[in-house]
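Please read the structure below before turning to the comments.
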Amino acid sequence: MRQSSLVVVANRLPVDDSVAPDGACEWRRSPGGLVSALHPLLQHTPATWVGWAGGTGPAPMLADIDGVRMHSVPLARDDVRDHYEGFANATLWPLYHDSVEQPVYHRRWWEAYQRVNQRFAEAAAEAAEPEALVWVQDYHLQLVPGLLRAIRPDLRIGFFLHVPFPPPELFMQLPRRAELLLGMLGADLVGFQRAQAAHNFAQLATKVLQLPATDRRIAVGERVVRIGAFPVSIDMTEMEALARRPDVTQRATRIRRDLGDPQHVILSVDRMDYTKGIEQRLKAYSELLATGHVKVRDTVMVQVAVPSRERVEQYQILRERVEREVGRINGEFGRVGEPAIHYLTQPFDRAELAALYRAADIMAVTPLRDGMNLVAKEYVAARVDDGGALLLSEFAGAAAEFPQAFLVNPHDLEGLKLTLMHALQATPVDLTGRMQSMRQHLRVHDIRAWARSYLTSLDQTGNLVTQLATT
Ligand code: ADP
Ligand code: G6P
């Protein structure tokens, strides 16, 4: 097979399958996320993306997307159950998000995690030309750097964790903690969203593996592994261009009209996940309705919550609870034709998301813990009119970059209600000043800056980065 000088390895490929008008299955580039981040770089260098196409059974043969080769890794039903739904999303995901749900430990899941990581490492080894650069993404694949180095010591290997990395008190619970740390330490550079996460990792390397470590470097035998914070971002230019499109602006006006032209539209857009603080937000809103601080005719809430990881029990329970609560709030406070909460579980295309962002006076992003939260950044990017207010949890990575947001502790119900009222009552001058500062920050720290800074650090010869800088 053809080999590449740059290989991205992520649990998911940047494609979605969809059904064409003639009923055939089609693969399309999925919007947003890593693919937009890496697009400029990948176009100018022979690159391969190794990942899972979703589903079970044999790996589909996929055409190149924008010149990037798609190398799909097959997962059997047991792999999906025990690796993706099990160890990745019922053990690591809750543990890494402050254990807001109880992590579940099963030995069978660990075996699947090892097996699937091995398969990804072999696929990456096959796709990489001699001395290529391989960039491994996220918590599903923490063993890949170590496994890949064992097969291909010639490669430069990067690892980036998109989710938080927990403090030692939590990480120490993991039955296979030493193996996971060693897996990550197979990389030349381990990147995190926040400096605190790099600090936690360094502490654990010393505590669990007795390795000499600072918050920048860890010595592993003869090798030095560099670690650091590289806060991920979004494609600001793409979102701004969408938000400026006349059809998107008209759609935003139309959305407000369909909502009854209220004084205030409050929007939330989340994957249906217990880390997102959806229940806390609904409770705060319901109490404000009960005390009359907000009135259904003046204020409308739109909650978009796309179902996610639907076969994992905690996600099923959450969905039932959210839907019961939305039903209760609408039953109690809504009127005929005027629900208190508009609740939508559909995936939207980027233009519709941009229109929703432009229609919203307040974007409520209140996760209990979040590595970054791209929705908060997308909202700021979409506000080309410098309008709108961002209500943002202190526990989202984005809070470190947006001190001008209305910052909240989502566990503090009274604080959440007060800050929401503060945002609802803020003057246009106050809001514009805040939004301009956040937009200025985002313009400099966009997705290209993120990719460039990570790859500059990883690629010490600088060839790939020079190409990225010139695109
Ligand atoms: P997480 O990575 O935990 O899902 P983020 O906020 O970082 O949370 O990223 C979510 C991404 O999914 C954003 O790019 C957002 O635009 C997208 N998204 C969320 N809800 C929808 C939806 N209903 N339709 C399409 N894309 C969505
Ligand atoms: C988070 C993770 C990603 C993951 C995404 C969607 O952003 O960091 O790795 O792809 O959620 O979750 P899913 O389980 O659908 O891939």
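The values are calculated or read from the model by the stated rules, or taken from the named source; none is laboratory data. What you see is a predicted model, and the numbers here were worked out from it, not measured in a lab. As a convention, Cβ positions derive from the backbone with ideal geometry for all residues, glycine included, and neighbour counts pool all protein chains shown. Surface accessibility is based on the protein's heavy atoms, side chains included, excluding ligands, DNA and RNA. Shrake-Rupley method; radii C 1.70, N 1.55, O 1.52, S 1.80 Å.
With contacts taken as Cα pairs under 8 Å and at least 6 residues apart, the stretch 292-433 reaches a relative contact order of 18 percent. From its DSSP helices (H runs of at least four residues, each -39,500 (n - 2.57)), the chain gives a residue-normalised ellipticity at 222 nm of -12500 deg cm²/dmol. Rolling a 1.4 angstrom probe over the stretch 60-215 with all protein chains present gives an accessible area of which 52% lies on carbon and sulfur atoms.
Helix 350-359 axis versus longest C-alpha principal axis of the chain: approximately 40°, rounded to the nearest ten.
Taking a straight Cα-Cα cut-off under 16 Å and skipping sequence neighbours fewer than 8 places away in the same chain, the aspartates and glutamates within cross-link reach of LYS295 are ASP261, GLU287, GLU332, GLU338, ASP361.
Annotation: per residue accessible area for the chain equals 41 Å², rounded to a whole number [probe 1.4 Å, protein chains only].
For the stretch 34-191, the spread of Cα coordinates along the three principal axes comes to 43, 33, 29 Å, biggest extent given first. At q = 0.15, 0.17, 0.18, 0.22 Å⁻¹, what base-10 log of I(q)/I(0) does the Debye formula yield for the stretch 85-139 when every alpha carbon is treated as an equal point scatterer in vacuo? Log-scaled intensity ratios, in q order: -0.54, -0.64, -0.69, -0.84.
Binning the alpha carbon pair distances of the stretch 110-171 at 5 angstrom intervals from zero yields the distribution 4, 19, 26, 23, 15, 8, 4, 1, 0, expressed in whole percent. For the stretch 321-372, the Cα-based Rg and Dmax, in that order, read 13.7, 40 Å.
On the protein heavy atoms, probe 1.4 angstrom, tell me the percent of accessible surface of the stretch 330-410 carried by carbon and sulfur.
So the carbon and sulfur contribution to the accessible surface is 49 percent.
Over all distinct Cα-Cα pairs of the stretch 354-393, the Kirkwood formula returns a hydrodynamic radius of 10.3 Å. Report, to the nearest 10°, how far helix 33-43 tilts away from the longest principal axis of the Cα atoms in the chain, using its own Cα long axis and a range of 0 to 90°. That works out to roughly 50 degrees. By its C-alpha gyration tensor, with a ≥ b ≥ c as the square roots of the eigenvalues, how is the stretch 153-198 shaped: rounded for a/c under 1.5, else prolate for a/b larger than b/c, else oblate? Oblate is the answer for the stretch 153-198, as a/c is 1.5 or above yet b/c matches or exceeds a/b. Against the main long axis of the alpha-carbon atoms of the chain, helix 246-258 sits at an angle near 50°. When the pairs LYS276/LYS417; LYS377/LYS417; LYS207/LYS377 are compared against a 25 Å limit on Cα-Cα distance, LYS207/LYS377 fall above it. Using C-alpha pairs below 8 Å separated by at least 6 residues, the relative contact order for the chain is 14 percent.
When you count the other C-beta atoms within 10 angstrom of each residue and take the mean per peptide, 334-344, 143-153, 358-368, 448-458 line up highest first as 358-368, 143-153, 448-458, 334-344.
Quick one: Kirkwood hydrodynamic radius for the chain, alpha-carbon pairs, angstrom, one decimal? It is 23.3 Å. The label-point distance for ARG108 and HIS44, in a model that sets each label 7 Å from Cα toward Cβ, rounds to 5.0 nm. What number, in nm² with one decimal, is the all-direction average of the projected area of the convex hull of the alpha-carbon atoms of the stretch 192-327? Hull-based average projected area comes out at 13.5 nm². Each listed q (0.10, 0.11, 0.14, 0.16 Å⁻¹) maps to a log10 I(q)/I(0) for the stretch 277-422, found by the Debye formula over equal Cα scatterers with no solvent: -0.34, -0.42, -0.70, -0.94. According to the Cα-based calculation, Rg over Rh for the stretch 37-127 is 1.06, with Rh computed by the Kirkwood formula.
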